[in-house]
Amino acid sequence: MSHLFDRENVDVAWCPGCGNFGILKLIKEVLEELEVDKNNTVIVSGIGQAAKAPYYVDTNMFGVLHGRALPAATGIKMANPNLTVIAEGGDGDMYGEGGNHFIHTIRRNVNIVHIVHNNMVYGLTKGQASPTSQKGFETKVQVNGVSNEPFNPLAVALSLRAGFVSRVSIGNAQHAKEVLKAAFEHHGYALVDIFQPCVTFNKTNTYHWFKDNTYTLDEGHDDSDFNAALQKAFEVMPMPLGILYQDKKSVLTFEEHIRKSEAKALYLNTHDISKIQNLFDSY
Amino acid sequence: MTIDELKSYDGRNNRRAYIAYKDVVYDVTQSSLWQEGEHQGMHSAGVDLTSALSGAPHGDEVFKEFPVVATLQREESTTKKEPLPPQDFKTDLRIFYKKYHPHPITVHFPIALHLFAAGFDIAFLNTFKEIYAVLVFYALFIATVMGFVAMLPGVLSWWINYNLSTQRPFVVKLIVATITLILGVIAIEIYLQDPNVIYSYTTPSIIYHAIILLTGLNVIILGYYGGKISWGNLGEEKMQTVSFDMNEPNIMMSSGSTEQESPRLFSAPASSVKIASDERNLADNAHQVSISILIGGAAGLGIDTLEKILSNAFKASGYYVYSTKEFMSRVRGGSNTTLLRIANFPVQAPCWEVDISVAMDALALEHMKERWHHDTLILADESFSGDNSNVIAIAMKESAKKFGNAQYGNTYIAGLLFGILGLEKSFLLQSIDKHFKGEGSNKEVAELGFQTGTEIENLTLPKLPNTDIKAVEKLHLMDGTTACGFGFLAGGCNMITAYPMSPSTGVLNFMASMSKEFDIALEQSEDEIASLMMTLGGWYGGARAMTSTSGGGFALMGEALSLSGMTETPAVIYLAQRPGPATGLPTRTEQGDLNLALYSGHGPFPRVLLAPGSLQECIDYGYLAFELADKYQIPVIFLSDQYLADTIMMSKDVDFSSYEQRRYITKSAGDYERYADTKNGISPRAIPSFGEGLICAVGDEHDERGQITEDYKMREQMVGKRARKNDELTREAIAPLCKGEGDIAIIGWGSSKGAIAEALERLDDKRLEHVHFVWIHPLSKEQLSVLDDYKYRIVVENNADGAFADQLKLHGVHVDEQILQSNGFSFFVDQLVEMIEKSLKELS
């Protein structure tokens, strides 16, 4: 096994046994197996334990602010539509702080792979509830247990007509890899919500819990059926894993629309000065 | 040595004194004729005197005595900057005058003889000796004849050197000289009638002796004012200084850059310089006439259409046009006004009191009341003009209705105004044709309005002089928003992400319209946080991106601004200010966000603040914003405001080919490190997919390759690296534009430029000098050194907190007085004149 996307001399900041290790391995393998050009790939991440993943993948990266990976990724696609862009972060990062961007990036249909590490807890700030924490989850802050309805990213994405909506669990790495590959191959915005345990701050949602409370969608599920997908998105205990919905029709992506299908990177362009001159002179 | 470098050798404060002649630089420090860098009170060291020599009483042989220290290097743009005087008869005469001084040559005869006559007449009155009487008469006779001879070159000089200036010394001289000549003729006449009469106590005798003594006194007065013109700061010398200073803003201070690719960051378009100086020369013309028209009405009545039609028509008629709006934050109703000023000189500021006031509805009539002066021509529709005898009732609505649509009201008013002003109707009709493309009966309505207008008596309005239609035709009429947009385009802007917010939205609209012509990526973001994040993503990916916003939106960008600082990702932020706090006055103006722009974002990082004050500056500095952002990998905040954004002024031709299209992107090698430590702190910036390397840009503290680190030594290294960028950047700070010769500085920044400039022209007080800052931050010692020489410093700001004065104080500049205004309006020139006068009183 080669390690094309291993980054040298890095000090990994995760706890032993963390689900993030599995996701990191998954991403590197998928990039390698899909023969993605590392020079032509950018991983944009926010802040959080999950958002540290790109530091350990040997490709371009833009490490931004908590919650702000999606608009940065959008800007990169505007500037150079040829780049393969991945936005990566945790549930607090992407669904909490960056909730507004989550909504509008889906609406735009930016052609990116959106990977969300979902462990239902805040790790880096040491154990507060996240938007996806289950009701009743007790923490140092939510001392009487979480009372908020958990955020349902799949249902939200579907309601905004996302072209690719999926959920996997790192407990089933082989299945997760298949889904992630499909996400890369999707033309348009693709959401991959990945269940992972936080071994330090979430003693409720463990590997076992995820195993007991999820099931893998089989061929009986038609992933081109939007209504069926919507129904699946609301299923709980057990929660479905797999591609809930994908639109295989070629829908115009955000960057194709705003760049009028010109995929040319903007750094290669300069404006035609005589044209500026003429326009100015017309005033 | 360049012209810029030469400037620092001005001989003052123990500095060396260098002068240049025909591209050779001489050291004149040791010369007794060049003490303190001054030569005969006429010339200063530190400049090129090639053109001045033609007017000197000596030739170039004098230079042989001085040691040669360097040759003068002229950069293309600098050479172009020297405005070449037109080679006409007047110029020839001026050169002749400079060399031979015909007026001083001739004028000494009558002066001496008049004094001689007066002296001997006193002797005669004491002794009654005939010899004295004869001497007095012949002295007077020759003095009077010579008086005519001397007056002719004097009057000629008044024309060629001083443009028939009506300043006090010229007027006094003309009157006194004429009286002296007339009195001389009278006295000669009395004497020739009967020479013996002067011995008697008769009326003719008393008149004769009185004239002799009075003309003696007259020539003393003439001599005094003659000296004042030659040696004081009047007329021609003032004009020279002005045109020289107007060259200043486009000259970048020595960048001291070690980067080979850009020894000079900002190659200003040569054209800009010409524009500025031309405008000033025109403005110095003593015959400035302007008429102000205030049109008021509810939103939705079509004032904007009227503004457009009239502006174009006035321009076609050969007048400089200026218009600015004041409007309420609503789409329909309320009471808005548009102020139009037309003139035979470039107008760049609003006035509070107006010459013509047109009310489109009753509310507007009430709203505009405060802005009427004694002779304001007030026009209102007959339906609401009331019984106010000052108001001229016009059948606007009825006339418009005749053509079937009340919406014709504004074309009717356009016609009416053209009629009142006695302008050529065809220009208006062409403008209407162009706007409405022949639709409806607009032309007929305008003609009807025109007819009514010609019948209105307007004795109080100043008569508009004829102007050079062809010259004005070449000017470009646009608002500050559009000029900024062209500046950003020239700066290579190819991406904009923004959330609409008044008064910044115009730039987003402009770029949207330009995206049809150019490859510009544009997206309306979900919020201002996303705006700046997308912009940063754009730069990371290789675009030249920007965002536009106002104070509230900018406040949301704080964290992303800080990210720009940490990741060293460039950004250009157009911040159009409006009065806060919070929603404040959304459609009005203020320079209130300086501190926000300066201190926004956590942690220290270098940034630049630029604030243009004219169309030309919007373009020049719009271009510069992108250059600085790219070169230094920093956020550049471009401060405009509602006033500048929405005000329509005129720009001369701009040569866009002089804005070099540069990119500061490096092709990466395999071992590329995004934050490689360099001498000046600037790491070569590469972008993904261009080269072999990987680009790791991160908001955590990082090592040179962009990996997270908490190593304290690395932290210190990176803090130092970012700080060194700021040092380098500070050296680029552009000096303020100084106009005038006085020792009291009236200091302004950004959009107040036009108002301060015209206020000082109106005050015509030689103690005052206009100092205008566009480069607001970072301020440098060299940049501020121009402020050292003033006795007093008055800072004018369109805000309540005097934030810029605070910055000056922080940099050790003493501020004596502050003029602040934060009522939602920009400065009105007539009100500003009073405010400055009041401040001057406080000082004395």
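So the values come out like this:
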read-out: Estimated translational D of the range B:737-843 in µm²/s (Stokes, Kirkwood radius over Cα pairs; 20 °C; 1.002 mPa s); value: 157
read-out: Shielding by other protein chains, B:763-770, mean Cβ within 10 Å; value: 0
read-out: Net charge, B:F450 excluded, C-beta distance under 11 Å - Lys, Arg +1, Asp, Glu -1; value: -2
read-out: Solvent-accessible area per residue, Å², over the range B:451-563 with all protein chains present [probe radius 1.4 Å]; value: 30
read-out: Carbon plus sulfur fraction of accessible area for the protein assembly as shown, probe 1.4 Å, in percent; value: 54
read-out: Alpha carbon centroid spacing (whole Å) that separates the range B:497-568 from the range A:217-283; value: 21
read-out: Over chain B, relative contact order from alpha-carbon pairs under 8 Å, at least 6 apart, %; value: 9
read-out: Projected label distance in nm at B:I220 and B:I186, using a 7 Å step from Cα toward the beta-carbon; value: 2.0
read-out: Rg(Cα)/(2.2 N^0.38 Å) for the protein assembly as shown, N = residue count; value: 1.18
read-out: Global geometry of the range A:1-154, whether rounded, prolate or oblate, following the gyration tensor of its Cα atoms and the 1.5 cut on a/c; value: oblate
read-out: The range B:288-464: antiparallel DSSP beta bridges as a percent of all, rounded to 5; value: 55
read-out: Cross-link pairs B:K679/B:K791; A:K140/A:K177; B:K308/B:K470; A:K275/B:K308; B:K90/B:K838; B:K315/B:K401 - those with Cα-Cα distance over 31 Å; value: B:K679/B:K791; A:K140/A:K177; B:K90/B:K838
read-out: Estimated FRET transfer efficiency (B:K401, B:D468; beta-carbon r; R0 51 Å; 0.05); value: 0.80
read-out: Relative contact order, percent, the range A:37-131 [alpha-carbon distance under 8 Å, six or more residues apart]; value: 29
read-out: All aspartates and glutamates inside 14 Å of A:K203 as judged from Cα atoms, apart from same-chain residues fewer than 8 positions distant; value: A:E138
read-out: Interface area, B with A, accessible, probe 1.4 Å, both sides summed, Å² nearest 100; value: 5100
read-out: For chain B, calculated [θ]222 nm from helices alone, where every DSSP H run of n ≥ 4 adds -39500 (n - 2.57); value: -14000 deg cm²/dmol
read-out: Estimated distance in nm for a label pair at A:A13 and A:K126, the labels positioned 7 Å out from Cα along Cα-to-Cβ; value: 1.5
read-out: Nitroxide proxy distance, nm - points 7 Å out along Cα→Cβ at B:D801 and B:D788; value: 3.1
read-out: The range B:737-843: relative contact order as a whole-number percent, Cα under 8 Å and 6+ apart; value: 30
read-out: Residue pairs, from the table B:K228/B:K753; A:K77/A:K249; B:K325/B:K753; B:K369/B:K425, whose Cα atoms sit over 25 Å apart; value: B:K228/B:K753; B:K369/B:K425
read-out: Calculated P(r) of chain B - Cα pairs past 42 Å, %; value: 44
read-out: Ordering of B:426-434, B:615-623, B:313-321 by burial proxy (mean other Cβ atoms within 10 Å per residue, highest first); value: B:615-623, B:313-321, B:426-434
read-out: The range B:288-464 shape via C-alpha gyration tensor axes, a/c threshold 1.5; value: rounded
read-out: Cα-Cα separations in the range B:477-663 greater than 32 Å, expressed as whole percent; value: 5
read-out: Test item: A:49-62 mean partner chain Cβ contacts at 10 Å; value: 4
read-out: Highest-MSF residue in chain A out of A:E219, A:E138, A:E262 [GNM, Cα springs under 10 Å]; value: A:E219
read-out: Percent antiparallel among DSSP beta bridges (both partners in the protein assembly as shown, rounded to 5); value: 35
read-out: Test item: A:33-45 mean partner chain Cβ contacts at 10 Å; value: 3
read-out: Net charge of Cβ neighbours under 10 Å - reference B:E326; Lys, Arg +1; Asp, Glu -1; value: +1
read-out: 16 Å Cα-Cα reach of A:K248 towards lysines, excluding residues that sit fewer than 8 places from it in its own chain; value: A:K181
read-out: Cα gyration tensor shape of the range B:509-583, rounded if a/c is under 1.5, else prolate or oblate by comparing a/b with b/c; value: oblate
read-out: Distance violations [Cα-Cα > 25 Å] among B:K631/B:K667; A:K38/B:K725; B:K739/B:K781; value: A:K38/B:K725
read-out: Value of Rg to Rh for the range B:666-725 (Rh from inverse mean 1/r over Cα pairs, i.e. Kirkwood); value: 0.97
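The values are calculated or read from the model by the stated rules, or taken from the named source; none is laboratory data. Quick caveat: nothing in here was measured; it's all calculated off a predicted structure. Note that each Cβ is placed from the backbone with ideal geometry, even for glycine, and that neighbours are counted across all protein chains shown. We work out accessible area using only protein heavy atoms, side chains counted, and drop any ligands, DNA or RNA first. Shrake-Rupley method; radii C 1.70, N 1.55, O 1.52, S 1.80 Å.
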